[in-house]
Amino acid sequence: MKRLRIKKFVNKEVKKMKKLKIGLIGIGGICNGVHIPAYLQDERTEVVALCDIVPEKTAKAKKEFFPNAKEYTDFRELLKDDSIDAVDICTPNYLHSIIAVEALERGKHVFCEKPDAVSVGEVQRMKAAAEKSGKVLMVMRNNRFMHISKLAKQFVEEGRMGEIYAGRCGWIRRRGIPGKGGWFTTKEMSGGGPLIDLGVHMIDLAIWLMGNPTPVAVSGATYRKFADSDISDSPNSKFGETKEGGTFDVEDLAMGFIRFDNGAVLQIEFSWASNIEKETRFVELRGTEAGLSLDPEKLRLFYEKDGKLINKTFKKVIGKGKDGHAGNIENFVDVVLGQAEPVFVPQQGVDMIKILTAIYESAEKGREVVLK
């Protein structure tokens, strides 16, 4: 089996133009942690507007990073600024589609944190608004942009897996409930628990590596067993703001099964809390020529060669270009500037929300749900 190398992507000649003017909406943990650093590293962009319902958050970002940016507490006021080319949405989940649709209708490109939306109807409205406006709509799929994921994708695209017919993926935490009592654990605002929070990441990565087959049916089960626990061993649980005596009406564990139009299947498991050894996230795929196991630290390949079973491991993969979240945002900017094709398209977002909402429906009804 020949040696794998990550293919280098060469941008087309960059056209001279003014900087892409960005408005950030929702200046919370994920915005400060990954979105702001990504824009600071891209000389083609300029953050000119900041919006959050908490004025202290925009004031802090303005003081530390964007001294010339305008501040807003109402996203609709920000959208009235015709000088803004694109918005980046980092709000609670239920606002994603609302803001995205209005931004697209005002002629702005949209980058949005995951999940795309909290219902199928809303994600379909996002897709329709993007098509009608002719603007770019992209939702965060940062795991596609990990160097180790790109190496796995290359292996698949070279046909070395053969037919990919089955897989499993998950992100399971021992204890790691984010923002307990706040919007994360309030279904009306979040859309659900770890399935919609963590599931988007690994289900998307698995389906992307499988070649984006169309989901046709799902079955699932959800559980809420640790709503009274305040223990955490996960740094990821620091996202969100806790609220004493707040709402916790979402699951803390979801398991399920997805069928695709090409006959392939995918098992899934996601938890904020369950009695396991330690937090882990993974994608495993089964092919007729090889198997694949992927986590943030390594890629393992399993295949047969010269009558022997071979296991090969790649660790600390270094590739060209930005990694993870920054790479995803860079692709968005590239697409808006006409320098690249989008790695994510809105129909993939529609398929994702169909899967997630159908798993919740299946868990409630106790039977498989066929997707329409």
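For this structure, a couple of remarks:
- Scanning the range 179-190 for residues that are open to solvent by 10 Å² or more (accessible area, probe 1.4 Å), touching a Gly at 6+ places or on another chain (Cβ under 9 Å) and either part of a helix (DSSP H, G or I) or without any contact (Cβ under 8 Å) to a residue 60 or more places away in the chain (or both) yields W183, F184, K187, M189.
- Flag for S237 being open to solvent by less than 60 Å² (accessible area, probe 1.4 Å) and part of a helix (DSSP H, G or I): yes
- Annotation note: of V34, V48, the sole residue that is buried (at least 16 other Cβ atoms within 10 Å of the Cβ), in contact with a His (Cβ under 8 Å, 6 or more places away or on another chain) and either touching a residue at least 40 places away in the same chain (Cβ under 8 Å) or at negative phi (or both) is V34.
- Residue match in the range 215-230 (condition: part of a loop (DSSP other than H, G, I, E, B), open to solvent by less than 80 Å² (accessible area, probe 1.4 Å) and closer than 25 Å to V343 by Cα): no
- Among the candidates A38, A49, A61, A69, residue that is in contact with a Gly (Cβ under 7 Å, 6 or more places away or on another chain) and either at pLDDT below 95 or not aromatic (F, W, Y) (or both): A49
- Single residue of K2, K15, K21 found to be among the charged types (D, E, K, R), more than 30 Å from V250 (Cβ to Cβ) and at pLDDT 95 or above: K21
- Positions within the range 204-230 being aliphatic (A, V, I, L, M) and touching a Leu at 6+ places or on another chain (Cβ under 9 Å), in sequence order: L205, A206, I207, L209, M210, V216, A217, V218, A221
- Residue that is nearest to E330 (Cα to Cα) [pool: residues in the range 80-97 that are more than 18 Å from the chain's Cα centre (by Cα) and open to solvent by 20 Å² or more (accessible area, probe 1.4 Å)]: D85
- Criterion (modelled with pLDDT under 95 and basic (K, R)) met by exactly one of K308, K322, K354: K322
- Taking residues in the range 191-218 that are at positive phi, and partners anywhere that are hydroxyl-bearing (S, T, Y) and assigned to a loop (DSSP other than H, G, I, E, B), the pairs with Cβ atoms closer than 9 Å and at least 6 places apart or on different chains are G191/S119.
- In this entry, G245 passes the filter for residues that are among the small types (G, A, S) and open to solvent by 60 Å² or more (accessible area, probe 1.4 Å).
- Strands (runs of 3 or more DSSP E) enclosed by the range 258-372 - at least 3 residues per element that are open to solvent by 70 Å² or more (accessible area, probe 1.4 Å): 298-305, 308-315
- Lone unmet requirement of (1) in a strand (DSSP E or B); (2) open to solvent by less than 10 Å² (accessible area, probe 1.4 Å); (3) basic (K, R) for R168: (2)
The values are calculated or read from the model by the stated rules, or taken from the named source; none is laboratory data. These numbers were taken from a predicted model, which means no experiment stands behind them. Heads up, the Cβs are rebuilt from the backbone with ideal geometry, glycines too, and the neighbour counts pull from every protein chain shown. The accessibility values were calculated without ligands, DNA or RNA, using every heavy atom of the protein model including side chains. Shrake-Rupley method; radii C 1.70, N 1.55, O 1.52, S 1.80 Å.
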